[in-house]
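Read the structure below first, then the notes.
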Amino acid sequence: MSTSRSTVKELLNSSKQQPQIRVCGWVRSVRRGKDIAFIALNDGSCQGSLQIVVAASLLEAPALTALGTGACIAVQGNLVPSPAAEQSWELQADQLELLGGVDAAYPLQKKRHSFEYLRSIAHLRPRANTFGAVFRMRSALAFAVHQFFQERGFLYVHTPIITTNDCEGAGEMFRVTTLNPATPPMIDGRIDWAQDFFGNRAGLTVSGQLQGELFAMAFADIYTFGPTFRAENSNTSRHASEFWMIEPEMAFADLERNCEVAEAFFRYLVTYALEHCRDDLAFFNERIAPGLIDRLEQLVGGQFHRVSYSEAIRLLEQSGRAFEFPVAWGQDLQSEHERYLTEEVFAGPIFVTDYPQQIKAFYMRRNDDNKTVAAMDLLVPRVGEIIGGSQREERLEVLEQRMIAHGIEPASLDWYLDIRRWGSCPHAGFGLGFERLLMYLTGMENIRDVIPFPRTPGHARF
RNA sequence: UCCCUCUUAGCUCAGUUGGCAGAGCAUCUGACUGUUAAUCAGAUUGUCGCUGGUUCGACCCCAGCAGAGGGAGCCA
């Protein structure tokens, strides 16, 4: 048998007959007739499967008894036009080799499984149609993220995974230590972190933003794209303990510029998906989220609305709606409020800007009203908050005041303050949750189903 | 962490106002000259989540525990 391999995608898109083609993949279904059998073969290269046509007698070999749904095979034969309506090409096989057989215990069947069940077999679920589509789109969109920023001259910076900042204000950190948990060194009745590996309390990053700002003060436009860790005990369909985040940071940019870039970025990613992931989107549109493609096309052609936090509060107060949580200026917007705004009032993506300073992080730039900060959240229907960002406080004295007001010791972030001390400038940035983007693009409703091997409280198997 | 719901065959799910445990799919056997998650006929498949309680009798009612899902908070 030949050693070169054609992919199913190449063959399904072939423009001509091809003799003696070799193709390898996993069996989706076997349909046996008296004289002839059909095998649907998928190799992950695309949504579709290649129809293998094989003489029934060829399958009767003893070595092929374990050929069923899930088996891995290599096939050689001629690619010819298919006489049937469902596909234009099929492979007339003359050699078939079983690389890895299956037995009756194979958990994936040629039928629909629940996502909950598939999560319990996360090592096998990439072979399911839905997850093939999810992870092909995840790969494509990761590439699109880099392409957007590289086309615009942004520098890709790898910010650290391990950090000793204990005050980023973005959530609980996972502790990183080499101390023996049974007998840690003690000082004054508390653990002596000075004796730990890094000479300080260390943890996994909850955001690359602070280091991103440092690089923006040298390269002007930068972005990060990497894993992020939150040790929050969050049990929702849109939170994970380990997720991927994209965080651009731009010198010489204000909140307005920040929103412009965020909007262009989001539009670019949706457009990229529509142009490059057509087959997988068609699958989601048909099987997972009817109307998905229409919604994505409307978003690309439609408007991103802007509304200040204060205006949002007014809209909510005037809505006449009985919300579970009361609406009051100074209180953070609840999920039900955000959903009402993005799904009903504007029926599309909206930026909510200029939040009260007491409900936002210390590094967000204080507005001239001395009450609000130059923050922005991008809310989208069905997913909610997908981007959060702000113009950063570039004034040293104001930043120190805000840190103290937030209970953060300025000396603990002296390096962060230094860039305000020397050569400071206005700058802004935001964070996009990559998985939330994928949820929006695919219509998948649980973040655990757009991450290859999800980590959530109590779950780090696989 | 809080609130609600769920847990029955390998998978998806019915079910009994407390009285012999059910279907479809999968699997196996057979039929079928080109199928499309093929179709048709037959067969196999159970710790009814776990522990205890009530009862002549519990899959069903009660309590505790475990796991899962949805919602909330935190946020991306």
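Observations on the model:
- Residue A:277 being in contact with a helix residue (DSSP H, G or I) (Cβ under 6 Å, 6 or more places away or on another chain) and open to solvent by less than 20 Å² (accessible area, probe 1.4 Å): yes
- Residues located in region A:226-243, provided they are out of contact with any Leu (no Cβ under 9 Å at 6 or more places or on another chain) and farther than 16 Å from residue A:459 by Cβ: A:226
- In region A:386-399, the residues that are under 14 Å from residue A:410 (Cα atoms) form Cβ pairs under 6 Å with partners that are among the acidic types (Asp, Glu), at six or more places apart or across chains, as follows: A:399/A:393.
- Restricting region A:421-462 to residues that are assigned to a loop (DSSP other than H, G, I, E, B) and among the small types (Gly, Ala, Ser) leaves a set whose member that is farthest from residue A:251 (Cα to Cα) is A:458.
Residues checked against (1) in contact with a helix residue (DSSP H, G or I) (Cβ under 7 Å, 6 or more places away or on another chain); (2) in the same structural domain as residue A:276 (by TED's automatic domain parsing); (3) among the polar types (S, T, N, Q):
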| position | (1), (2), (3) |
| --- | --- |
| A:29 | no, no, yes |
| A:34 | yes, no, no |
| A:40 | no, no, no |
| A:43 | yes, no, no |
| A:51 | no, no, yes |
| A:61 | no, no, no |
| A:71 | no, no, no |
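- Any hit, region A:346-353, residues being in contact with a Leu (Cβ under 8 Å, 6 or more places away or on another chain), in a helix (DSSP H, G or I) and of a type in the set (A, V, I, L, M): no
- Options A:63, A:56; residue that is of a type outside the set (Ser, Thr, Tyr) and either within 8 Å of RNA strand B (Cβ to nearest atom) or within 14 Å of residue A:28 (Cα to Cα) (or both): A:56
- Leading residue by the ranking (nearest to residue A:413 (Cα to Cα)) among those in region A:164-189 that are at pLDDT 90 or above and among the charged types (D, E, K, R): A:175
- Residue in region A:115-123 that is crowded, with 18+ Cβ neighbours inside 10 Å, more than 9 Å from RNA strand B (Cβ to nearest atom) and not assigned by TED's automatic domain parsing to the domain that holds residue A:45 present: yes
- The one condition from (1) in contact (Cβ under 8 Å) with a residue 12 or more places away in the chain; (2) open to solvent by less than 60 Å² (accessible area, probe 1.4 Å); (3) more than 12 Å from RNA strand B (Cβ to nearest atom) that residue A:48 does not meet is (3).
- In summary, helices (runs of 4 or more DSSP H) completely within region A:285-345 and bearing 2 or more residues that are over 18 Å from residue A:271 (Cβ atoms) and either open to solvent by less than 30 Å² (accessible area, probe 1.4 Å) or in the same structural domain as residue A:390 (by TED's automatic domain parsing) (or both) occur at A:309-318, A:335-339.
- Matching residues in region A:329-365 - criterion: being touching a residue at least 60 places away in the same chain (Cβ under 8 Å) and touching a Gly at 6+ places or on another chain (Cβ under 6 Å): A:361
- Residue within region A:75-82 that is part of a loop (DSSP other than H, G, I, E, B), within 18 Å of residue A:56 (Cα to Cα), out of contact with any Phe, Trp or Tyr (no Cβ under 9 Å at 6 or more places or on another chain) and touching a residue at least 40 places away in the same chain (Cβ under 8 Å) present: no
- Residue A:246 in a strand (DSSP E or B), within 16 Å of RNA strand B (Cβ to nearest atom) and of a type in the set (A, V, I, L, M): yes
The values are calculated or read from the model by the stated rules, or taken from the named source; none is laboratory data. What you see is a predicted model; the values in this text were computed from it and never measured. All Cβ positions, glycine included, derive from the backbone under ideal geometry; neighbour counts span all protein chains shown. Ligands, DNA and RNA are excluded from the accessible area calculation, which covers all protein heavy atoms including side chains. Shrake-Rupley method; radii C 1.70, N 1.55, O 1.52, S 1.80 Å.
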